[in-house]
Amino acid sequence: MLAEEKVHTLITAHSPADNFRLAALHRYHILDTPACEDFSFLTELATKICAVPYAFISLVDAERVWIKSCAGMHMGELPRGESYCSLAVLGDAATEIPDLRLDPRTATMRLTVSAPFMRMYSSVALTSSDGFAIGTLCVLDTKPGGLNADQRAMLAKLARQVMALIELRANEKTLEATVRELELLATTDDLTGLHNRRSLLHRLKFETARAKRFRAPLSAVMIDLDHFKKVNDEHGHAVGDQVLTTLGRLLRDNVRVIDIPGRYGGEELCVILPNTPLDGACKFAEALRAKIEAQLHYAGARPLHVTASLGVGSFDHMEIDDAESLLRQADTALYRAKHGGRNRVECGTT
């Protein structure tokens, strides 16, 4: 029988406690991440200290052992039942097998019976902050034997460094996610999901500078819901808030990636349209007005129709060439729309 046909699979019972161990592993978000020079350095250092040709940093998942870093050979992962490192999560903080061929658990495993024909294995468990073994730092040799006391002690210290690095990388990811969340909170209006006023004006400042530099078109659309105070007075602020929430979703679904929709204040919204001349902005505004009119809202079981008046301003690189004049032109056009009958679009100045 061929050696590969004799491959033994370690039976790894998945106890309820293993679910907690797996939860600890997955908390670090390290599985299937790219290679990292810091981890590679630690595996290479392990081979030199222990005077062996091979070292792995392995993470023991539910059905596989994934190799974060290896020295001496390339390996991505092994089935959990065919990996020596699976032994590390069964209880012992350190595992050493002087001759893999003589241990019934490993005698016919893949790396024992086929190239590179491993004989010696020594590992230290990587233990999470809450006490779970999530993997190992291990060293291997093609000759039987074992580590001396100093080498074992150094391997244990290196394993603590590996775990500290895993913790550090996880904390960095958590910090990055927190920063992104705080940035989102700082720039987003809670009710509509659009840019808040501060973020909108900040982005507008950037877009006006870019438009002036490249003499590119830039437009703004001001949107004001018609008789919105009446909605709040007759149906309550909860219904009014729901109308604004729905309108925010409508805007997000109908703008381009480069457009900047925001809540300017109260029931007044604004959309900044980079690379858009006046005629294109007016067409956008008219299409948006029709969609707002067609949108059905509810006050309890009662259907509620809401309309909006829209004003459009656009750069002409003469009188209208900064953020203030652009918004002023759009606001003036909005005023005309409201006093001209509402539920309409007015563009530029007349």
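Size check on region 16-181: the Cα extents along the three principal axes, sorted descending, read 53, 34, 27 Å. Once the 1.4 Å probe is applied to the protein heavy atoms, the chain comes out at 51 Å² accessible per residue. Its DSSP H runs of at least 4 residues, each contributing -39,500 (n - 2.57), put the calculated 222 nm mean residue ellipticity of the chain at -14000 deg cm²/dmol, to the nearest 500.
Would you please calculate the Kirkwood hydrodynamic radius of region 215-350 over all C-alpha pairs and express it in Å, rounded to one decimal? Answer for region 215-350: a Kirkwood hydrodynamic radius of 15.0 Å.
Can you give the local net charge around Cys347? Use residues other than it whose beta-carbon is closer than 11 angstrom to its beta-carbon, Lys and Arg +1, Asp and Glu -1.
On the way: positive: Lys283, Arg336, Arg344; negative: Asp279, Glu286, Glu346.
Taking every other residue near Cys347 into account, the sum is 0.
Each principal axis of the Cα cloud of the chain was evaluated for its coordinate range; sorted largest first, these ranges are 93, 52, 39 Å.
If I take R0 = 25 Å and measure r between the Cβ atoms of Asp316 and Glu286 in this structure, what FRET efficiency does the formula 1/(1 + (r/R0)^6) give, to the nearest 0.05? Don't jump to the answer; show the numbers that get you there.
Numbers: r = 21 Å, r/R0 = 0.82.
Efficiency for this residue pair is about 0.75.
If R0 equals 22 Å, the separation of the Cβ atoms of Asn232 and Ala186 corresponds to a calculated FRET efficiency of about 0.20.
Alpha-carbon geometry of region 216-284: the Rg and the Dmax are 13.7, 45 Å, given in that order. Residues Met318, Met154, Met75, Met118, sorted by accessible area with the largest first, give Met318, Met154, Met75, Met118 [1.4 Å probe; ligands and nucleic acids excluded]. At full extension, Lys205 and Arg342 could sit 46.4 nm farther apart than now, given 0.36 nm per residue minus the alpha carbon distance.
State the three equivalent ellipsoid semi-axes of region 138-179, derived from the C-alpha gyration tensor as the square roots of 5 times its eigenvalues, in descending order and whole Å. Provide the component values of the computation, followed by the final result.
Working: eigenvalues 229, 24, 3 Å².
Over the Cα atoms of region 138-179, the ellipsoid semi-axes are 34, 11, 4 Å.
Taking amide H as placed 1.01 Å from N in the peptide plane, the amide H of Leu218 sits under 5 Å from that of Thr276, Phe315, each at least 5 places away or on another chain.
Percent of accessible area on the chain owned by carbon and sulfur, 1.4 Å probe?
Looking at the chain in its full context, I get 56 percent from C and S.
Roughly what % antiparallel, to the nearest 5, for the DSSP beta bridges in region 197-347?
Details: 23 of 26 bridges.
Roughly 90 percent of the beta bridges in region 197-347 run antiparallel, per DSSP.
Checking Cβ-Cβ separations below 4.7 Å across the chain identifies Cys36, Cys50, Cys70, Cys85, Cys138, Cys270 as cysteines lacking any candidate disulfide partner. Taking amide H as placed 1.01 Å from N in the peptide plane, Asp226 has its amide H under 5 Å from the amide H of Thr307, Ala308, Ser309, each at least 5 places away in sequence or on another chain. Which links in Lys229/Lys283; Lys229/Lys291; Lys143/Lys173; Lys205/Lys338 stretch past 30 Å when you go from one Cα to the other? Pairs exceeding 30 Å: Lys143/Lys173.
The values are calculated or read from the model by the stated rules, or taken from the named source; none is laboratory data. Note that the structure is predicted; figures quoted are calculated from it, not measured. All Cβ positions, glycine included, derive from the backbone under ideal geometry; neighbour counts span all protein chains shown. The area values use the complete protein model at the heavy-atom level, side chains included, leaving out ligands, DNA and RNA. Shrake-Rupley method; radii C 1.70, N 1.55, O 1.52, S 1.80 Å.
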